[in-house]
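A short write-up of the structure that comes next.
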Amino acid sequence: MERGELALYFHDELFLPEMKATNKEEALEELVDLFVKNHIIRNKEIVLEMLRKREALGSTGIGKGVAIPHGRTLAAPDVMIAFGRSTAGIEYDSMDGQPVHLFFMVLAPPHDRSNKYLPLLGKLVEFISEDQVRQQLLEAKDFQEVIDLIVGE
């Protein structure tokens, strides 16, 4: 998967420029609500339960101010990413103990035929591994700036 292909999984209606959440549970709910509000998923609780179980295995707060809550669920029609930002930062039990500012919630159906889910997670981690990229994501004024950064323009 090329870096630019990541942009195909981001959508304006799944972009939250400033999250209101103050803790991990609220952050998960706020991002799942984006999928519900946009009629992508119907059952919020099924998705939250899956995400809570995933978090119980180990925090998806990967450090450096980033969290990638993710999982497979029958509720997801396709592989999708909701992206949210928190200027203040949210306590998330991250690996480095630091608050999270950038959230990428990745949902996928149990079996995606083209097997995009794991390569997508890998490419996302690779993309946000650079300090400069994380800073630019925090400073992006709108969704288009986020997309331009992803495709490398």
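A few remarks follow.
- Of the residues screened, Met1 is not one that is touching a residue at least 24 places away in the same chain (Cβ under 8 Å), part of a loop (DSSP other than H, G, I, E, B) and touching a strand residue (DSSP E or B) at 6+ places or on another chain (Cβ under 7 Å).
- The set of residues in segment 16-56 being outside any helix (DSSP H, G or I) and in contact with a Lys or Arg (Cβ under 9 Å, 6 or more places away or on another chain) consists of Leu16, Pro17, Glu18, Met19.
Residue-by-condition table, conditions (1) modelled with pLDDT of 95 or more; (2) within 15 Å of the chain's Cα centre (by Cα); (3) of a type in the set (Gly, Ala, Ser):
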{"residue": "Ile90", "(1), (2), (3)": "yes, yes, no"}
{"residue": "Leu107", "(1), (2), (3)": "yes, yes, no"}
{"residue": "Pro110", "(1), (2), (3)": "no, no, no"}
{"residue": "Pro119", "(1), (2), (3)": "no, yes, no"}
{"residue": "Phe143", "(1), (2), (3)": "yes, yes, no"}
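- Test: residue in segment 65-78 that is more than 15 Å from the chain's Cα centre (by Cα) and in a helix (DSSP H, G or I): no
- Looking only at segment 91-130, residues that are part of a loop (DSSP other than H, G, I, E, B) and either without any contact (Cβ under 8 Å) to a residue 12 or more places away in the chain or not aromatic (Phe, Trp, Tyr) (or both) come to 18 in all.
- Residue check for Ala82: surrounded by 14 or more Cβ atoms within 10 Å (Cβ to Cβ) and assigned to a loop (DSSP other than H, G, I, E, B): no
A quick yes/no check of all residues on (1) in contact with a Pro (Cβ under 9 Å, 6 or more places away or on another chain); (2) among the charged types (D, E, K, R); (3) at pLDDT 95 or above; (4) surrounded by fewer than 17 Cβ atoms within 10 Å (Cβ to Cβ):
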| position | (1), (2), (3), (4) |
| --- | --- |
| Phe15 | no, no, yes, no |
| Glu18 | no, yes, yes, yes |
| Arg52 | no, yes, yes, yes |
| Asp78 | yes, yes, no, yes |
| Met95 | no, no, no, yes |
| Asn115 | no, no, no, yes |
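- Selection from segment 22-54 of residues that are in contact (Cβ under 8 Å) with a residue 40 or more places away in the chain and of a type in the set (Val, Ile, Thr): Thr22, Val32, Ile40, Ile41, Val47
- For the criterion of being in contact with a Gly (Cβ under 6 Å, 6 or more places away or on another chain), surrounded by 18 or more Cβ atoms within 10 Å (Cβ to Cβ) and part of a helix (DSSP H, G or I), Leu6 fails.
The values are calculated or read from the model by the stated rules, or taken from the named source; none is laboratory data. Bear in mind the structure is a predicted one, so any value in this text is a computation, not a measurement. Because the Cβ atoms are built from the backbone with ideal geometry, glycine has one as well, and the counts that use them run over all protein chains shown.
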